[in-house]
């Protein structure tokens, strides 16, 4: 197991190095003047751009520039974000809790519903349950996140007026900003901070605004897990040990939930990597539609205003999250299934 | 004699399986409808500007959408662009995006996957690490970065999507080849002294291509969705171009109407949005049916 983990960690380094070269390579297509923005860390420096091109040698060959850039990244200097009007590193920590909050609320629903519906569809193959979950899955899969979000806004915000967009109401947001001593922001997630400060109204308001984004994410992404769980369950049920259990007269509950589902979950673990990617992609559309100022919203807004340092930073961050998530999943998988780590 | 050829019998069986699935029939009908609209677009909605039919005609510049009327049977969106015209010509845009992106991505992916799976060793290791690197960044994020680097525009979005989309085909093709490579019929062919190229083209590719085919069908839908989102954000098609995502973007400020009639401008969002959903649904329904028909595990179930 230890050698397996060490090998995976080495690979992780290789992949991250590749990702940084890839991102840098894409953004090297810009003129040196545009790229100078990546080295600027306050608005006063913007007029010094020609000097910066000179100073940082932005006309130098690729590898020289790459090593200089990566050194800056390691020292925490990712440049200046025009959209956020602060350094990328600071802005990142400002936006990150919002995205984390959205996905912390989304993932349990996806996992629970995905596994439950997939198991049911697998057990009751070719029945009404199977067909209706299949239709639900294909429809959910075909709904573009941004469009579904817009329709949700039309119905729940426009027509019923119950679930407003945004993160927190203007009044409460003002109160939080003006009273840092009376409302301590421990996590920067309003739902949790509200509870920690004993302000239930803030938690409730934040939850009300989380409803539509979470629903949108769940409906679009749950299909993936459901379908994989279904086919894995079907495969497991057709195996001989299930037949043996049946022949011995075990009841259906024991067969399906104690034997089959446990084994059927093993291949599902590998889809978790996809899940992470889809959650990150979904956050971009969801945050953009519901004007939640998180990483996704920041990325989309930065792309529109050609804010290159942000694009580089966020790409690196997403790459890091995805690679580490996959490493954890692989180790978990090797832990559950000894056949993997022995080959 | 020819009627009993095993390949033909298999094909018949597969077709029967596909068309025995009611969802597949819905999918194919939807697709046929969209193909018909795309082919006959010049007759259904005659273009106003001969040189650039993808430019939506508009009368006036008023920002408020107008409801369906005799002149504009689906109404007009912000900027008085005719929604019906946009919906019809948007079909062509969607086909262009989906087919261009998936064809290029699948070709690159299949070639690299075959090389990687069949030769193995250092070639395989190198190629798979490159795929790992490209895979590490989500499709939408990487596409955005490339589009920002190359400049805006629908053509740039398409190129960027193709540059990112190939990665999944390599993995699927490779794993499908790895299982086939060890099977008896390939070993037999190798023992008989058949050349590598011939084994690949005649024995491995025809048997291993099915997962790629299923994936390509599903991918056409997702590529159109990503392109629509890029246009929605403002990185794709320019204003007034007949593209569904761009039309949704035009109507973005009219999601919620005046307080007395909050759903007043529904047509400006629902019509182009519905086109996207139905188009993607068609490809996904077909892809799902193909997967069931091709999957050897459940094929004879």
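The values are calculated or read from the model by the stated rules, or taken from the named source; none is laboratory data. Predicted, not measured: the structure shown is a model, and the values here were computed from it. Quick reminder, even Gly has a Cβ in these numbers, built from the backbone with ideal geometry, and neighbours come from all protein chains shown.
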message: Given the options B:220, B:286, B:276, name the one that is away from chain A (no Cβ under 11 Å), part of a helix (DSSP H, G or I) and touching a helix residue (DSSP H, G or I) at 6+ places or on another chain (Cβ under 8 Å).
response: B:220
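Let's see how each residue does on (1) modelled with pLDDT under 75; (2) within 14 Å of chain B (Cβ to nearest Cβ); (3) outside any helix (DSSP H, G or I):
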{"site": "A:10", "(1), (2), (3)": "no, yes, no"}
{"site": "A:13", "(1), (2), (3)": "no, yes, no"}
{"site": "A:19", "(1), (2), (3)": "no, yes, no"}
{"site": "A:46", "(1), (2), (3)": "yes, no, no"}
{"site": "A:63", "(1), (2), (3)": "no, no, no"}
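Could you check segment B:250-261 and list, in sequence order, the residues that are outside any helix (DSSP H, G or I) and more than 13 Å from residue A:151 (Cβ to Cβ)?
B:257, B:258, B:259, B:260, B:261 - these are the residues of segment B:250-261 that are outside any helix (DSSP H, G or I) and more than 13 Å from residue A:151 (Cβ to Cβ).
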message: Taking the conditions exactly as written (more than 24 Å from residue A:291 (Cβ to Cβ), at the interface with another protein chain (Cβ under 9 Å from one of its Cβ atoms), over 17 Å from the mean Cα position of the chain (by Cα) and surrounded by fewer than 24 Cβ atoms within 10 Å (Cβ to Cβ)), does residue B:295 satisfy them or not?
response: yes
- request: Can you run down the residue pairs with Cβ atoms below 7 Å, 6 or more apart or on separate chains, where the first is in segment B:5-29 and over 17 Å from residue B:291 (Cβ atoms) and the partner is assigned to a helix (DSSP H, G or I) and modelled with pLDDT of 85 or more?
  value: none
- prompt: For residue B:247, are the conditions met, namely being in contact with a strand residue (DSSP E or B) (Cβ under 9 Å, 6 or more places away or on another chain), more than 9 Å from every other protein chain (Cβ to nearest Cβ) and either in a helix (DSSP H, G or I) or at pLDDT 85 or above (or both)?
  reply: yes
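Just checking, which of A:268, A:286 is touching a residue at least 12 places away in the same chain (Cβ under 8 Å), crowded, with 16+ Cβ neighbours inside 10 Å and away from every other protein chain (no Cβ under 12 Å)?
Being touching a residue at least 12 places away in the same chain (Cβ under 8 Å), crowded, with 16+ Cβ neighbours inside 10 Å and away from every other protein chain (no Cβ under 12 Å) holds for just one of A:268, A:286, which is A:268.
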query: If you go through segment A:104-132 one residue at a time, how many are surrounded by fewer than 22 Cβ atoms within 10 Å (Cβ to Cβ) and touching a helix residue (DSSP H, G or I) at 6+ places or on another chain (Cβ under 8 Å)?
result: 13
message: Any residue that is out of contact with any strand residue (DSSP E or B) (no Cβ under 6 Å at 6 or more places or on another chain), surrounded by fewer than 20 Cβ atoms within 10 Å (Cβ to Cβ) and part of a helix (DSSP H, G or I) - is there at least one of those in segment B:80-92?
response: yes
message: Exactly one condition in (1) within 14 Å of chain B (Cβ to nearest Cβ); (2) part of a helix (DSSP H, G or I) is false for residue A:162; which is it?
response: (2)
- prompt: Only one of A:311, A:306 is at the interface with chain B (Cβ under 7 Å from one of its Cβ atoms), assigned to a helix (DSSP H, G or I) and at pLDDT below 90; which?
  reply: A:311
message: Condition first: without any contact (Cβ under 8 Å) to a residue 12 or more places away in the chain, within 14 Å of another protein chain (Cβ to nearest Cβ) and either closer than 17 Å to residue A:234 by Cβ or part of a helix (DSSP H, G or I) (or both). Can you find one or more residues in segment A:145-153 that meet it?
response: yes
Selected residue [within 26 Å of residue B:235 (Cα to Cα) and within 14 Å of chain A (Cβ to nearest Cβ)] from B:99, B:104, B:108, B:146: B:146
- request: Considering each residue of segment A:173-198, count those that are closer than 30 Å to residue A:111 by Cα and in contact with a helix residue (DSSP H, G or I) (Cβ under 8 Å, 6 or more places away or on another chain), and give that number.
  value: 11
- request: Identify, by number, the condition in (1) more than 7 Å from chain A (Cβ to nearest Cβ); (2) on the phi < 0 side of the Ramachandran plot that residue B:121 doesn't meet.
  value: (2)
field: Hey, residue A:72 more than 14 Å from chain B (Cβ to nearest Cβ) and either within 28 Å of the chain's Cα centre (by Cα) or under 22 Å from residue B:143 (Cα atoms) (or both) or not
entry: yes
query: Within segment A:86-136, can you find the residues that are within 14 Å of chain B (Cβ to nearest Cβ) and either farther than 29 Å from residue A:253 by Cα or in a helix (DSSP H, G or I) (or both)?
result: A:99, A:103, A:121, A:122, A:128, A:130, A:131, A:132, A:133, A:134, A:135, A:136
message: Would you confirm whether or not segment B:264-271 contains a residue that is farther than 17 Å from residue A:139 by Cα, outside any helix (DSSP H, G or I) and either at the interface with chain A (Cβ under 7 Å from one of its Cβ atoms) or touching a helix residue (DSSP H, G or I) at 6+ places or on another chain (Cβ under 9 Å) (or both)?
response: yes
